[in-house]
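Enquirer: Supplied in structure tokens, the structure appears directly below.
The values are calculated or read from the model by the stated rules, or taken from the named source; none is laboratory data. Everything numeric in this text was worked out from a predicted model, so none of it was measured. When we count neighbours, we look across all protein chains shown, and the Cβ atoms used for this are built from the backbone with ideal geometry, even at glycine. Side chains are part of the model used for accessible areas, which takes the heavy atoms of the whole protein and leaves out ligands, DNA and RNA. Shrake-Rupley method; radii C 1.70, N 1.55, O 1.52, S 1.80 Å.
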Amino acid sequence: MVKIYKIFIFFFVALSALSGTLSAQETIYSYENQLDINNATLEEISALPISEDLAKAIYERITYRGYFKSVYDLRKVEGISQTLFDKLKPLLHVEPFRKLSSVQQRVEQVYFRLDRWSGNEGTNDAFIDLWIERILEPLNINEASYDDLINLQNVSPLDAVSLINYRDDAGEIRSARDMRGIPGLSYYGYSNARNFVSYGKDSEEDAQRLHGHITTRVDNTPFFAEEAEASADAIQQLILDNEHPNQYIKSRFSYDRNFKFGFSFNRFLGEPVSYYDGIKFPQLKFFAGVENIDLGDKIGIDDLTLKKLYVGDYSVTFGQGVIMENTDFFTPRKSGFGFRKRFKGISGDNSQTREFGLRGVATELAYKDFSAIGFVSLKSRDAILNTDIADSTLGRGFTQLIVLDQRFRRAPVLSTDDSNVLVDSEYPWLDVVKELTYGGHLQYDFVPGTWLGLTYYESAYDRYLNPDLTQIVDRSQLGRLVTADSEVKQSYGGPISRGTNPFWDSAISFRRVYGFDFQATIENLAIMGEFGELDKGGSVFKLGDDPTAVVLSAYLQFPSFNLLGIYRNYDLGFDNPYQRSFSNYRRYKGTIYEDYFYLQSPLYAQLYSNAPQPQSEEGFYLSSYYQLSRQFTTRFEYDQWTRKADQAKQYRLVGTVDYRPIFPLQIQLRQKWQAREEDNSNSLRYFRSLEFRGRIRARLSNFDSFSLFYTNGKTLVHPRPRIFGDITLDSEAYGATMTHNFNNNLKLSSSLFYYEGFFWNFEDTQFVVMNSTRGALRYWFSMYMRLNTSVSVRLKYTGDFQQPIQNIQFSPRSEKAGELYGTDNLRQRQSFFYLEMNYNF
């Protein structure tokens, strides 16, 4: 601990000295770093050694009277004396004004946001696409609906209602100044919404323009959603056989605001390319759609609007994600607020979702205060087939749908003899089950932000759904099935799922889920919830006879304080593959599926590691933000829940303190406490974890930054039957990160740090996890280049050097099996690359 404190005190003293230099600095501009006055923003002009009033006068002179032809035109501005002009002249230069289109001007204003969004995908693809589209095509805030506003970045339900209520009372919102003064609109809501909205009709230039963006990405870095679901085992499994990099190309286009289309291609690490049957052309996702078409004049019904109509690949999300949200990715603690928002409604899908993607037709109609969404999809699913024949005429059933990292045609499984050798399975698992899914959502809005909705969907399969553990677990471990987790045993299927479908002759089994959701806003309080029920032959909405799931939320918002509370309760039998509601852990956490060495194939462990469904649990979550002063803010999260399968009680508490003694300097401290069965020391499921993270960051001139960080963690677990004594897992990491902007078009970021044990981190736009039992040195650098207003390129390289292992024996793959070779020193080295190109127009 003495070592820890010394390191942290050293970092603090170093940056405190640096902050003194920063506070004494008069201006960020110099003869070597001159300001282009004609193309500068008000904030950039304010950084000159002049008063705020004078900076505003210069900005308004350029805006309303035209651009300077030479630096001597500055002398014509009232308040610029000869002495002040002589002081400013070396700091300025005058470039001819670059005539930009309205789209290019918006991109120039928020290019730093496009920088962050371009690589920040995976779990929020629909949001990223919408936000980029809104930058290129701003939303007319005087015509926007509640759904349009709530899907904007960091806009809460109360923010959206405040905007609509003010617009209705005042007649219109004329400018950002009007919007800033709206009662009930939070600062975060305002500062983010202003980037996506306009305040009037489109100009002639924008009205008939084609807008869009294309992203191309190649990298060999494993994908993780968040630290709560990362593990050392997962790291090792993903890095193996990493011959082929991730490849992802996606696009989305918009014409005349109403017509949308796009496509995407995705291939994960190490997997072969999937081609269309009979044509050697890679399989793509694609969609086309129309939005906001007034049908009143066309069919004679006033106030009837076709809000959306999509064909091809699309995504659907309702309510709190209890019944329907079709993504392949699990996000821990997805509350629907802040950085864990969920997209509401339907959208064209060009994301990396594959297993639970929907392909067909989806539409949304609105009539006054009533709206209806309907969708239908027919798509093949990856699944583990049963080895036994359920019906001689209908073939084999399937035991589970599965999300695959790498889509190989057949899974390697253990041989049936005693050799325990992995061989290709006799049965394929790619696209082996066809699924017809259809459903809808009906909603009535009483006032903006207050509604009641009904949701229904049904999936039909062309194979019998027969969950069977003997098809998954290693036959030598079948004795363990008597203690198999009840979450596994409660998987939906068997006789209750048998049935035909009136719309599809091939259907022989089905799954049906229905429920309702609601929301009410009362001044600065929003209350919302969703209830879902899995049909197993019981009565509709009768508690106790069918498995159910419920989420209830309340959100309280003030200018410097907010509080979010969430209650959730998911029955063990509520096995809904499209459920993505709030949870700390994914389904099958702690079950035999988590231990891949007990399974017939190690790849079957993806039943747990890639499960997008939440765990069956009951719990209550609290989250709050409080700004005590301009310099001091606090955040906390507290979650206490019980796992339904074994009644294991767990909690997670995270506190964060953010202190800024002076503007350029930020000190952030974060502490996490987490435990399972803390009061039951005899339980093998007991564990207790502590994690501290500290960071000191200096914001330098020209948006540069430099930071030092330190993290320390300790996890205590009780012994398993095969291990003696408690196990303590320690982790530690420390290092530095810097960002330097050469100008608005070129940015360099880099980091160098040492870590030992398990460590998660954000590296530029990527989230990564790593593990080292002996310690490792890791570095990365990233270069972001804007070649012009529309084109940007990002290049990132990462190196990881593990401490050497001495006096070991190993068997290289290239030599004969069974031969061992000795070495005195073995050092593991890894390198990763990331290349991305973006085109926005």
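Enquirer: Might you let me know whether segment 390-412 holds any residue that is among the aromatic types (Phe, Trp, Tyr) and at pLDDT below 90?
Expert: Yes.
Enquirer: Right, next: Within segment 625-650, count every residue that is open to solvent by 30 Å² or more (accessible area, probe 1.4 Å) and either within 19 Å of residue 187 (Cβ to Cβ) or touching a helix residue (DSSP H, G or I) at 6+ places or on another chain (Cβ under 6 Å) (or both).
Expert: Result for segment 625-650: 9.
Enquirer: Which of the residues that make up segment 497-512 are outside any loop (DSSP other than H, G, I, E, B), within 12 Å of residue 463 (Cα to Cα) and out of contact with any Asp or Glu (no Cβ under 7 Å at 6 or more places or on another chain)? Show your work before the answer.
Expert: Looking only at segment 497-512, we keep the residues that are outside any loop (DSSP other than H, G, I, E, B), and these are 497-498, 501, 504, 509-512.
From the residues that got through so far, the ones that are within 12 Å of residue 463 (Cα to Cα) too are 497-498, 509-510.
The answer is 497, 498, 509.
Enquirer: For residue 538, work out the one condition from (1) touching a residue at least 12 places away in the same chain (Cβ under 8 Å); (2) open to solvent by less than 60 Å² (accessible area, probe 1.4 Å) it doesn't fulfil.
Expert: Evaluating residue 538 over (1) touching a residue at least 12 places away in the same chain (Cβ under 8 Å); (2) open to solvent by less than 60 Å² (accessible area, probe 1.4 Å) leaves (1) as the failure.
Enquirer: Considering only residues that are part of a loop (DSSP other than H, G, I, E, B) and surrounded by fewer than 19 Cβ atoms within 10 Å (Cβ to Cβ), which ones fall in segment 258-271?
Expert: Selection gives 258, 270, 271.
Enquirer: Separate question: Only one residue in 603, 564, 599, 572 is aliphatic (A, V, I, L, M) and out of contact with any strand residue (DSSP E or B) (no Cβ under 7 Å at 6 or more places or on another chain), so which one is that?
Expert: Details: 603 fails: out of contact with any strand residue (DSSP E or B) (no Cβ under 7 Å at 6 or more places or on another chain); 564 fails: out of contact with any strand residue (DSSP E or B) (no Cβ under 7 Å at 6 or more places or on another chain); 599 fails: out of contact with any strand residue (DSSP E or B) (no Cβ under 7 Å at 6 or more places or on another chain).
Result of the check over 603, 564, 599, 572: 572.
Enquirer: Here's a follow-up. Restricting to segment 762-795, what's the tally of residues that are free of Cβ contacts under 8 Å to residues at least 60 places away in the same chain and under 28 Å from residue 672 (Cβ atoms)?
Expert: Result for segment 762-795: 12.
Enquirer: Regarding segment 97-111, can at least one residue be identified that is within 26 Å of the chain's Cα centre (by Cα), modelled with pLDDT under 80, surrounded by fewer than 20 Cβ atoms within 10 Å (Cβ to Cβ) and part of a loop (DSSP other than H, G, I, E, B)?
Expert: Yes, that holds for at least one residue.
Enquirer: Please determine, by comparing only the residues of segment 786-814 that are part of a loop (DSSP other than H, G, I, E, B) and modelled with pLDDT of 80 or more, which one is farthest from residue 741 (Cα to Cα).
Expert: Ranking the qualifying residues of segment 786-814, first place goes to 803.
Enquirer: So, one more: Residue 277 - would you say it is farther than 18 Å from residue 219 by Cβ and in contact (Cβ under 8 Å) with a residue 40 or more places away in the chain?
Expert: Working: farther than 18 Å from residue 219 by Cβ: yes; in contact (Cβ under 8 Å) with a residue 40 or more places away in the chain: no.
Answer is no for this residue.
Enquirer: Read through the list (1) part of a loop (DSSP other than H, G, I, E, B); (2) of a type in the set (S, T, N, Q); (3) open to solvent by 10 Å² or more (accessible area, probe 1.4 Å); (4) under 19 Å from residue 342 (Cα atoms), then give the number of the only condition that residue 521 fails.
Expert: (1)
Enquirer: Something else now. Given the criterion of a type outside the set (Asp, Glu), over 25 Å from residue 156 (Cβ atoms), open to solvent by 20 Å² or more (accessible area, probe 1.4 Å) and without any contact (Cβ under 8 Å) to a residue 60 or more places away in the chain, identify the matching residue among 669, 622, 653. Please lay out each step first, then the result.
Expert: On the way: 622 fails: over 25 Å from residue 156 (Cβ atoms); 653 fails: over 25 Å from residue 156 (Cβ atoms).
Going through 669, 622, 653 in turn, the sole match is 669.
Enquirer: Another question, then. Is it the case that residue 65 is buried (at least 16 other Cβ atoms within 10 Å of the Cβ), out of contact with any Leu (no Cβ under 6 Å at 6 or more places or on another chain) and more than 15 Å from residue 93 (Cβ to Cβ)?
Expert: No.
Enquirer: Taking the options 54, 48, 22, 15, name whichever one is modelled with pLDDT of 75 or more and in a helix (DSSP H, G or I).
Expert: One residue alone meets the criteria, 54.
Enquirer: For segment 743-761, what are the residues that are in contact (Cβ under 8 Å) with a residue 60 or more places away in the chain, open to solvent by 50 Å² or more (accessible area, probe 1.4 Å) and assigned to a strand (DSSP E or B)?
Expert: Answer for segment 743-761, where residues must be in contact (Cβ under 8 Å) with a residue 60 or more places away in the chain, open to solvent by 50 Å² or more (accessible area, probe 1.4 Å) and assigned to a strand (DSSP E or B): just 758.
Enquirer: So, one more: Out of the residues in segment 289-338 meeting the condition of being open to solvent by less than 40 Å² (accessible area, probe 1.4 Å) and of a type in the set (Lys, Arg), tell me which one is farthest from residue 568 (Cα to Cα).
Expert: For segment 289-338, the residue satisfying everything is 308.
Enquirer: Quick check on my filter: what residues within segment 354-384 are closer than 23 Å to residue 493 by Cβ and open to solvent by less than 20 Å² (accessible area, probe 1.4 Å)?
Expert: 355, 356, 357, 358, 377, 381, 382, 383, 384
Enquirer: Is it fair to say residue 496 is under 15 Å from residue 534 (Cβ atoms) and modelled with pLDDT of 85 or more?
Expert: Against the criterion (under 15 Å from residue 534 (Cβ atoms) and modelled with pLDDT of 85 or more), residue 496 qualifies.
Here's the yes/no breakdown for (1) in contact with a helix residue (DSSP H, G or I) (Cβ under 9 Å, 6 or more places away or on another chain); (2) open to solvent by 50 Å² or more (accessible area, probe 1.4 Å); (3) closer than 21 Å to residue 801 by Cα:
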position: 712; (1), (2), (3): yes, no, yes
position: 716; (1), (2), (3): no, no, no
position: 763; (1), (2), (3): no, no, yes
position: 768; (1), (2), (3): no, no, yes
position: 776; (1), (2), (3): no, no, yes
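Enquirer: Hey, another quick one. Among the residues in segment 132-146, are any of a type in the set (Ser, Thr, Tyr), in contact with a helix residue (DSSP H, G or I) (Cβ under 6 Å, 6 or more places away or on another chain) and either crowded, with 19+ Cβ neighbours inside 10 Å or at pLDDT 85 or above (or both)?
Expert: Yes, there is a match, as at least one residue in segment 132-146 is of a type in the set (Ser, Thr, Tyr), in contact with a helix residue (DSSP H, G or I) (Cβ under 6 Å, 6 or more places away or on another chain) and either crowded, with 19+ Cβ neighbours inside 10 Å or at pLDDT 85 or above (or both).
Enquirer: Let me ask something else about it. Determine which single condition residue 739 fails, assuming it passes every other condition in (1) at pLDDT 85 or above; (2) over 28 Å from the mean Cα position of the chain (by Cα).
Expert: The failed condition is (2).
Enquirer: Has segment 326-339 got at least one residue that is out of contact with any Leu (no Cβ under 6 Å at 6 or more places or on another chain) and under 20 Å from residue 511 (Cα atoms)?
Expert: Looking for residues that are out of contact with any Leu (no Cβ under 6 Å at 6 or more places or on another chain) and under 20 Å from residue 511 (Cα atoms), one finds at least one in segment 326-339, hence yes.
Enquirer: Kindly indicate the residue of segment 563-587 that is part of a strand (DSSP E or B) and open to solvent by 40 Å² or more (accessible area, probe 1.4 Å) and also farthest from residue 399 (Cα to Cα) among those meeting that condition.
Expert: So in segment 563-587, the residues part of a strand (DSSP E or B) come out as 563-570, 586.
Cutting the leftovers down to open to solvent by 40 Å² or more (accessible area, probe 1.4 Å) gives us 563, 567.
Details: 563: 42, 567: 32 Å.
Of everything passing the filter in segment 563-587, 563 is farthest from residue 399 (Cα to Cα).
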